[in-house]
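Below is one structure, written out as structure tokens; the observations come after it.
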Amino acid sequence: MITTLTAFTYEVDDIDLAISEVLEQLQLEKRLLKNKVGIIHCSTDFVDSGVFRALCDKLSFPVAGITTIGSAVHDEIGEIILTVMILTSDSVNFTVGLTNPITSRNETVLREAYEKAAANLSDKPALAISYFPLATAAFGAGGDFVATTLSKISGGVPVFGTMPIDNTHDFHAARILYNGNDYYDRFAFILIQSKNLIPRFYLISISDEDIREERGIVTEAKGNLLYSVDNIPILEYLKVKLGLALDEKDPSSVHMIPLLMDFEDGATPVVRAMNRFNEDNIAVCSGELFNGVTLLTGRFNKEIVLRTTSQILKKILDAEKNANGLLIYSCAARYWTLGLDSTAELEIMRDSLAKSKIPYLTGYSCGELCPVQSPSGEKISRMHNYTFIACAF
């Protein structure tokens, strides 16, 4: 059994005050069990001010996490906030890992870090909570690479996690957090091992009613570049064949058309974001696409975000009355649709979860890792966009 402790602070500048607030809530001297690990989410302010490092110095166990643009814990929500989740147990084992800098699409870097961390466990992990860098996606070593590679080298361990984000226009300050240090180019992860632990996964992006009926086939894609669908250049396909009102020069217009890849394997379709069109009118997406896959398009707006968040939380609460903890990530695209009402989704999370005693931690994401289930029951680890994901344990 896992015991889950949570805490938060809004204090950025006064390090001593921030640490005392967090430690007072955690009451570690009374509540820690034999094994423990920490997860921290925070805006970059807490890294730059030294609060994050100072907190890790006070904790006597490993910590991993991300920078984010909004988080929630207890009954508190905020955009400039540091939130903490401690997992502790006498029977469940935890270990953490950190890769060397990732400079290419080379699985050896992940394999070496995984095998080193897994050597601390007595059996195969039940879950890999995974935090992968944003910067490395530029050369094909992003979320898809992590999901497929880590699943392969671990022998099918479910991969759940996210990519960091920050409030700069190009996310250049987004960082992976690990044991008091912060990184732009390394992958950090937590392995959880217990024969009795069966993590449960939930995800939603857009509802079926928000998916257009038209289906096409990806006829040319290379990595995260989408060239054509049904042998029609992608921009022409979207504007002419589908008749979508799209301004390819406006990123906010481009970003509001989710692409859904249906692998026709019975599993939930994977959603991809178009970030922009390059000078050749090729769609630059936030994750990989695959030739021969069925492609659909969806609608996306504030109403859809808030409706689907409420739907998935109801499903979780109906199914997880006895859960020991919830870890939740929501795509930053969902945050951006909210406009000036930027905490509306976090408020729904807070108000819904207030009805339950389940401890939880949430954060906004720049790319979501969550397994989907095939009809045969196999869990397939995949990367998503526009998606709300949750792991219950």
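The values are calculated or read from the model by the stated rules, or taken from the named source; none is laboratory data. All values reported here derive from a predicted model rather than from experimental measurement. No Cβ is skipped: glycine too gets one built from the backbone with ideal geometry, and neighbour counts run over all protein chains shown. Just so you know, the surface numbers come from the protein's heavy atoms only, side chains and all, with ligands and any DNA or RNA stripped out. Shrake-Rupley method; radii C 1.70, N 1.55, O 1.52, S 1.80 Å.
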Using just the helices of the chain, give the 222 nm mean residue ellipticity in deg cm²/dmol: DSSP H runs with n ≥ 4 each add -39,500 (n - 2.57), and the total is spread over all residues, rounded to 500. -6500 deg cm²/dmol
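With the Cα gyration tensor of segment 1-159 in hand, convert its eigenvalues to equivalent ellipsoid semi-axes via √(5λ) and list them largest first in whole Å.
So the three semi-axes of segment 1-159 are 28, 21, 13 Å.
Counting pairs of alpha carbon atoms under 8 Å apart in space and at least six apart in sequence, what relative contact order in percent does the chain give?
The normalised contact order for the chain reaches 20 percent.
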Per residue, how large is the accessible surface of the chain? Use a 1.4 angstrom probe and give square angstrom. 40
Not counting ligands, DNA or RNA, and with a 1.4 Å probe, what is VAL293's accessible surface area in Å² rounded to the nearest 10? 10
Run the quick spin-label model on LYS30 and ASP247: label points 7 Å from Cα toward the beta carbon, then report their separation in nm to one decimal. 5.7
Where a Cα-Cα gap under 12 Å defines reach, which aspartates and glutamates qualify for LYS357, not counting those fewer than 8 residues away within the same chain? ASP75, GLU320
Normalised per residue, the volume inside the convex hull of the alpha-carbon atoms of the chain in Å³ amounts to 131
For segment 171-235 and segment 243-293, what is the separation of their C-alpha centers, rounded to whole Å? 12
For a quick check of understanding: with a 1.4 angstrom probe and all protein chains in place, what accessible area in square angstrom does ASP247 have, to the nearest ten? 70
With each label point set 7 Å from Cα along the Cα-Cβ vector, what nm distance links LYS355 and LYS58? 3.5
Could you compute how much accessible surface HIS172 exposes when probed at 1.4 Å, giving the result in Å² to the nearest 10? 110
Within segment 271-302, name every residue whose backbone N is under 15 Å away from a label modeled 7 Å from Cα of ARG215 along the Cβ vector. 292-298
Report the charge-dipole magnitude of segment 1-46 in Debye, nearest 20, computed about the Cα centre from +1 at each Lys and Arg Cβ and -1 at each Asp and Glu Cβ. 580
Once phi is turned into ³J(HN,Hα) by the Karplus curve 6.51 cos²θ - 1.76 cosθ + 1.60 with θ = phi - 60°, what whole-Hz value does each residue of segment 91-99 show in order, with x for glycine and proline? 10, 9, 9, 10, 8, 10, x, 9, 7
Set LYS124/LYS222; LYS195/LYS315; LYS30/LYS195; LYS116/LYS195 screened for pairs whose C-alpha atoms are more than 31 Å apart: LYS124/LYS222
Computed lengthening from ASP170 to THR343, 0.36 nm per intervening residue step minus Cα-Cα distance: 60.1 nm
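Would you mind working out the magnitude of the charge dipole of segment 148-275 relative to its Cα centre, with +1 at each Lys and Arg C-beta and -1 at each Asp and Glu C-beta, to the nearest 20 Debye?
Charge dipole, segment 148-275, about its Cα centre: 620 debye, nearest 20.
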Report the full-extension gain for the segment MET1 to SER20: residue separation times 0.36 nm, less the Cα-Cα distance, to one decimal in nm. 4.0 nm
For the residue pair LYS116 and SER374, what label-to-label distance in nm results when each label sits 7 Å from Cα along the Cα-to-beta-carbon direction? 3.3
By how many nm would the segment from THR294 to VAL240 grow when fully extended, if each residue of separation counts as 0.36 nm and the alpha-carbon distance is taken off? 17.6 nm
At most 16 other Cβ atoms within 10 Å and a DSSP loop assignment: could you name the trypsin sites (Lys or Arg not before Pro) in segment 171-240 that fit? LYS195, ARG212, ARG215
Assign unit charges at the C-beta atoms only (+1 for Lys and Arg, -1 for Asp and Glu), then state the dipole size of the chain relative to its Cα centre in Debye, rounded to the nearest 20. 1240
Quantify, in whole percent, the carbon and sulfur part of the accessible surface of the chain (1.4 Å probe; protein heavy atoms only). 48
Mind checking the angle between helix 302-319 and the chain's longest principal axis? C-alpha axes, 0 to 90 degrees, to the nearest 10. 50
